[in-house]
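Novice: Could you have a look at this structure, given as structure tokens, before my questions?
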Amino acid sequence: MKFGVIGHPINHSLSPIMHAANFEALGREDEYGALDIPPEQFKQIKEIINEKALDGFNITIPHKESILPYLDEVSSNAKHIGAVNTVLIQDNKWIGYNTDGIGFVKGLIEHYGSIQDRKILVLGAGGASKGIVSEMQKFTNHKITVANRTMSR
């Protein structure tokens, strides 16, 4: 199977290295690459992905929100967040998910224990932050503060 990560810029991403190691450890011959797609080319996303014959892909900055109109289905969690970081292509349908918050909060709890009584500050208000805040709200009794350089976000 073929997978990838899309974003701009993308050459800094460690995703291809991490996924290649994971596939090797699992004894799979799957592929995972990085695709640099500038915002001005994003309207051709369907053609680009179809040309690469991907079975699914991850999304990073700046496309987590702009992918939504191109999806056939969006998980309820991703709809609530308003951002997608993972797309499964199944039967020619693009299905969007957001796993940012689940993964981050799980790691946070594994490392620090319960966050129920912690005061939380999230820096940034992009797609990943939206997913993290949405998931954290399930695990804390405190208000979550989001700081961003642009107040409107």
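The values are calculated or read from the model by the stated rules, or taken from the named source; none is laboratory data. No experiment lies behind these values; they were computed from the predicted model shown. A quick note on method: Cβ atoms are made from the backbone with ideal geometry, for glycine too, and the neighbour counts reach across all protein chains shown. To get the accessible areas, we keep the full protein, side chains included, count just its heavy atoms, and leave off ligands, DNA and RNA. Shrake-Rupley method; radii C 1.70, N 1.55, O 1.52, S 1.80 Å.
Novice: Suppose we filter the range 66-78 for residues that are open to solvent by less than 60 Å² (accessible area, probe 1.4 Å) and out of contact with any strand residue (DSSP E or B) (no Cβ under 8 Å at 6 or more places or on another chain); how many remain?
Specialist: 1
Novice: Pick out the one residue from Ala125, Ala83 that is in a loop (DSSP other than H, G, I, E, B), open to solvent by less than 20 Å² (accessible area, probe 1.4 Å) and in contact with an Asp or Glu (Cβ under 6 Å, 6 or more places away or on another chain).
Specialist: Ala83
Novice: Further question on the same structure: For residues that are open to solvent by less than 70 Å² (accessible area, probe 1.4 Å) and among the acidic types (Asp, Glu), tally how many sit in the range 8-54.
Specialist: Final tally of qualifying residues: 1.
Novice: May I ask you to verify whether His63 is under 19 Å from Gly126 (Cβ atoms) and either among the polar types (S, T, N, Q) or open to solvent by 80 Å² or more (accessible area, probe 1.4 Å) (or both)?
Specialist: Against the criterion (under 19 Å from Gly126 (Cβ atoms) and either among the polar types (S, T, N, Q) or open to solvent by 80 Å² or more (accessible area, probe 1.4 Å) (or both)), His63 does not qualify.
Novice: While we're on this one: Within the range 5-48, take every residue that is in a strand (DSSP E or B) and either touching a Pro at 6+ places or on another chain (Cβ under 8 Å) or hydroxyl-bearing (Ser, Thr, Tyr) (or both) and give me the one that is farthest from Thr99 (Cα to Cα).
Specialist: Asp36
Novice: Only one of these is under 16 Å from the mean Cα position of the chain (by Cα) and not aromatic (Phe, Trp, Tyr): Ile102, Ile115, Ile120, Ile109. Name it.
Specialist: Ile102
Novice: If you go through the range 49-77, how many residues are in a helix (DSSP H, G or I) and without any contact (Cβ under 8 Å) to a residue 40 or more places away in the chain?
Specialist: Matching residues across the range 49-77 total 6.
Novice: List every residue pair whose Cβ atoms lie under 6 Å apart, where the two residues are 6 or more positions apart in sequence or sit on different chains, the first residue falls within the range 100-118 and is in contact (Cβ under 8 Å) with a residue 24 or more places away in the chain, and the second residue, located anywhere, is among the hydroxyl-bearing types (Ser, Thr, Tyr).
Specialist: Gly101/Ser134; Ile115/Thr140; Gln116/Thr140
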